[in-house]
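The values are calculated or read from the model by the stated rules, or taken from the named source; none is laboratory data. In this text the structure is predicted, and so the values were computed from the model without any measurement. So basically every Cβ, Gly included, is an ideal-geometry build from the backbone, and we count neighbours across all protein chains shown. Accessible surface areas use protein heavy atoms only, side chains included; no ligands, DNA or RNA. Shrake-Rupley method; radii C 1.70, N 1.55, O 1.52, S 1.80 Å.
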Amino acid sequence: MIRFLTAGESHGKGLTVIVDGFPSNLEVTKEQIDFHLRRRQMGYGRGGRMKIETDGIDVISGLRFGKTLGTPISMVIWNSDWENWTERMDHENVPDDLEKITIPRPGHADLVGTTKYNFDDIRNSIERSSARETAGRVAAGSFARKLLEEFGISIGSFVESIGGIYPSDNMFQKLLDNDTDQDFKGWSLSEHADKSQVRVLEEEQELQIIDKVKQAKKRGDTLGGNMVAVATGIPAGLGSFMQYDRRLDAKIAHDMMSINAVKGVELGYGFKNSDFFGSEVHDEIVSESGKFSRKTNHAGGIEGGMSTGLPILVRASMKPIATLMSPIETVDLATGESVMARRERSDFMAVPACAVIMEAMFAWSLAEFMVEKFGGDSIEEMKLNYNNYINNLEKRVLGKFK
């Protein structure tokens, strides 16, 4: 099994990432990881922090000459902003003029974190619950993405909506209806989306969204939105119905819900399925040239907790960011009195960045199941196991019933 851990605070020296369980001889470069870290920082509506940080990894262990060794991989993403926080985030000494934060922001981890961990300063809760931590996830997810690419699996994403503004021609609907090019690759969506300041696929929608973000800035408010992630080239049979925690869709949903501010996740039609007859929902099975497929992909590429071989489609909803420049009501923990929430440097809208984080977590979910099913100590051994499974898969299945 593969796993990763992150450590570090938002305004600390940096973020540490440990990635464990990857096979040896997987080619990964710093440039490839830094590319996705830069994508995470992009997008109209980001705050001042993005002008300070230029994220890149410093590899400590686990790589030699651009290839994994099979040993634990450790990386650091240094925080450029640390020099402005050295006294307030000192590991030992308390500044004489330290001002403790006592006013929690509604919608953030401020109050519940302070309550749970018995803090006397909300800053202790803010630092680790910050979305700054997701830079470490993108770094870890880059290793997962590279592993998947060795097997022709391609992952991409786009922003479906921001602030309730949807496209006139919805790509998510086309993907569900299987109304796309048969040679379609998941990454092509990201290549298209990355050309947009808000990572949408339509120019008119982009202009409308930018206008709404400007309105949010003027109001001192924030916006959320919906994102879609797509994986293509997935073999049939990842996941299992044998136990609740071996279901592929359960793992994907778990990992997506772990992303800061994500409050809803669905695969395929998800909630919409409940509005229709079964005959309108389920994907009819067909066999073409001895290979199984489906006429549609309403299930989002997963049935019975297992991949069907069709693209896996995940849709997630991100709530508006909790920090408001025109704050709403809360309670001062020091006095118990009703006050307006405090301000903390933040974005007005971070949906485009969240979609990139979504890609990283999606890649990790799939890589876990790929390693579980086809695992080996080296990438070469893993490919042998994969090819043995894939070659003439349909013929073996059909042969059992003849």
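Flag: E380 matches the condition of being of a type outside the set (G, A, S) and at pLDDT 95 or above. Restrict the check to the stretch 179-186 and report whether at least one residue is open to solvent by 10 Å² or more (accessible area, probe 1.4 Å), part of a loop (DSSP other than H, G, I, E, B), among the hydrophobic types (A, V, I, L, M, F, W, C) and modelled with pLDDT under 95. Yes - at least one qualifying residue is present in the stretch 179-186. For the stretch 303-326, residues that are free of Cβ contacts under 8 Å to residues at least 60 places away in the same chain and either more than 12 Å from D249 (Cα to Cα) or open to solvent by less than 50 Å² (accessible area, probe 1.4 Å) (or both) total 0.
Out of the residues in the stretch 229-285 that are touching a Cys at 6+ places or on another chain (Cβ under 9 Å) and not β-branched (V, I, T), state the one that is farthest from S130 (Cα to Cα). Checked the stretch 229-285; the qualifying residue farthest from S130 (Cα to Cα) is A261.
In this structure, does K218 turn out to be at pLDDT below 95, in a helix (DSSP H, G or I) and either closer than 28 Å to L324 by Cα or out of contact with any strand residue (DSSP E or B) (no Cβ under 8 Å at 6 or more places or on another chain) (or both)? Yes: the conditions hold for K218.
How about the stretch 59-81: which of its residues are surrounded by fewer than 19 Cβ atoms within 10 Å (Cβ to Cβ), farther than 16 Å from L15 by Cα and not aliphatic (A, V, I, L, M)? Correct list: R64, F65, G66, K67, G70, T71, P72.
Can you tell me which residue is surrounded by the fewest Cβ atoms within 10 Å (Cβ to Cβ) among those in the stretch 141-161 that are farther than 23 Å from Y386 by Cα and either touching a His at 6+ places or on another chain (Cβ under 9 Å) or not hydroxyl-bearing (S, T, Y) (or both)? Filtering first and then ranking leaves F158.
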